[in-house]
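Everything on this sheet refers to the single structure shown next.
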Amino acid sequence: MANIIFWSSIFPNQRTRPIGCYQLAHHLRKNNITAQVIDYCTYFSPSELIKLSEKFIDKDTIALGVTTSFWPDNICPLKYAILQFKEQFPSIKVILGGPRANNPSFKNLYDLVFVGESEDQLTKYIYENLNKDQSYIKPFDITKLDHRFIREDCILPGEVLPIELGRGCIFKCKFCSHHNLGKPKYTYQRHFNLIEDEMKYNLDNFGTTHYLFLDDTVNEDIEKIKALASINNRLQNKINWNGYLRADLVWSNKDSSSYLLESGLKSCFFGIESFHPKASSIIGKGWSGKHGKDFLPHLYYNLWNEEVSIWNNFIVGLPYETEQDVDTTVEWCSNNTLGMNKFVGLNLYLNREDGGGYSEFTRNYRLYGYKLNDKGEFYNNHWTSNRINKKVREIDKTLLQHNKLTSWLLFDIFNITRLELDELRTKPLTYNILPSMIKFKLEYKSIIEKL
């Protein structure tokens, strides 16, 4: 039985579990609160979710916590499951969390909303409802996080697992709306011995050797990369990992590319954003406009010997950059298949009502040449929001034949197929994974039903 049940959901194209609910559950357990996570909720029908939850409910169950971080655009099945849960268990409070929790379209789904880092907030709430003495609460500290997945988390053998290295970013990109920007160094990084202990624990208990490193910039500091390489050298079984990196930091420190290989890096995500000199400079990515086109192929072919596939992310709709400029970048991408070249449209979230963060562009959009029309859509001298979205769709079709399974997508597919990463990297984006997804769901469901 559990004081709180978590429903953790994923995007339709996601096949690895998020960390959020498990971090909350771990912290609650450290404070003597029982918690049960039910994951992959978008794989299940409302009736299946209710049935899976019932076995963990008793008179001491306080709340159902539902994360909105990875809700798909079509939330109907999960919405109906929450409504059905509220009808069947009216005394249990429904708490929404995540960056989209305050979205007006969710207003009939919850009793409470917790936004941001909720470890302490949620612990206090449960203590209040259990009439427990709050002076005994152990506060959350990311630097001392000793996270553990437990048997009740229903980890599959060899499953790809997320692992949080820290919580924050030293940079302040102007298009970014995350709330943990501009953090002072060493104030938000877990102690490395705790990371190593968690990896040893996961290997011993689940056979896990593949990881998603959850860190805004894994390679922000060369000493950090050296520490991760040392950890991998000490592990009984070497790890493979994927995470967010900055290409300019790989370029500026000549030793970092080799240390990253030594640490187990197999695929990575680079936020290149633009090759345009002015556009890249104004968003704080000036390196991309000066060196990106030349360095990225050199890194992939020469420094990494094609052992690490790269996801290059670009933004359509930045100041100064015209459609012709974007087309030039698309041509470069067609000729340089390093893994995945992906374009996304700039979104200023000028009409945001969900409580999410605001980027520097959003707060001061007029200073960067953007205006609003009568319909609330933004535009500048070169782009309208509608044209941005249309252009992204066109680019997706153009690059479909060139892009391969890379980064988060690569590890997602590995998680359900268990094919070797090198083999999966040769697969097209249209690779059929439906049979593997069905098998994965049934395996996870079988484990949780046996608890």
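The values are calculated or read from the model by the stated rules, or taken from the named source; none is laboratory data. Note that this is a predicted model, so its numbers are computed, not measured. So basically every Cβ, Gly included, is an ideal-geometry build from the backbone, and we count neighbours across all protein chains shown.
Taking the criterion of being touching a Lys or Arg at 6+ places or on another chain (Cβ under 9 Å), in a loop (DSSP other than H, G, I, E, B) and within 18 Å of LEU96 (Cβ to Cβ), the residues of the stretch 4-47 that qualify are SER8, ILE10, ASP39. Pairing each residue of the stretch 31-49 that is under 28 Å from ASP120 (Cβ atoms) with any residue that is in a strand (DSSP E or B) and modelled with pLDDT of 95 or more, provided the two are 6+ apart or on different chains, yields C-beta distances under 6 Å for ALA35/ILE4; GLN36/ILE5; VAL37/PHE6; ILE38/TRP7; CYS41/TRP7. Kindly provide the set of residues from the stretch 52-66 that are in contact with a Leu (Cβ under 8 Å, 6 or more places away or on another chain) and not hydrophobic (A, V, I, L, M, F, W, C), ordered by number. SER53, LYS55, ASP60, GLY65, listed by residue number.
Looking at LYS278, LYS266, can you tell me which residue is out of contact with any Cys (no Cβ under 6 Å at 6 or more places or on another chain), assigned by TED's automatic domain parsing to the domain that holds MET199, assigned to a strand (DSSP E or B) and at negative phi?
After applying the criteria, what remains is LYS266.
Just one of the listed residues (TYR444, TYR431, TYR368) is in contact (Cβ under 8 Å) with a residue 12 or more places away in the chain, outside the structural domain of GLY284 (by TED's automatic domain parsing), within 28 Å of GLU273 (Cα to Cα) and not aliphatic (A, V, I, L, M), and it is TYR431. Residues that are acidic (Asp, Glu) and either touching a residue at least 40 places away in the same chain (Cβ under 8 Å) or assigned to a loop (DSSP other than H, G, I, E, B) (or both) were ranked within the stretch 54-107; the one that is surrounded by the most Cβ atoms within 10 Å (Cβ to Cβ) is ASP60.
Is it the case that the stretch 236-247 has a residue that's assigned to a helix (DSSP H, G or I) and aromatic (Phe, Trp, Tyr)?
No, the stretch 236-247 contains no residue that is assigned to a helix (DSSP H, G or I) and aromatic (Phe, Trp, Tyr).
For THR209, the test of being at pLDDT 95 or above and hydroxyl-bearing (Ser, Thr, Tyr) is passed. Taking the stretch 364-409 as the range and being within 16 Å of LEU318 (Cβ to Cβ), buried (at least 18 other Cβ atoms within 10 Å of the Cβ) and among the basic types (Lys, Arg) as the test, only LYS391 passes.
All of (1) basic (Lys, Arg); (2) more than 19 Å from ARG148 (Cα to Cα); (3) surrounded by 20 or more Cβ atoms within 10 Å (Cβ to Cβ) hold for ARG190 with one exception: (2).
Residues that are under 19 Å from ARG425 (Cα atoms) and not in a helix (DSSP H, G or I) within the stretch 291-320 comprise TRP304, ASN305, GLU306, GLU307, VAL308, SER309, ILE310, TRP311, ASN312, ASN313, listed in sequence order.
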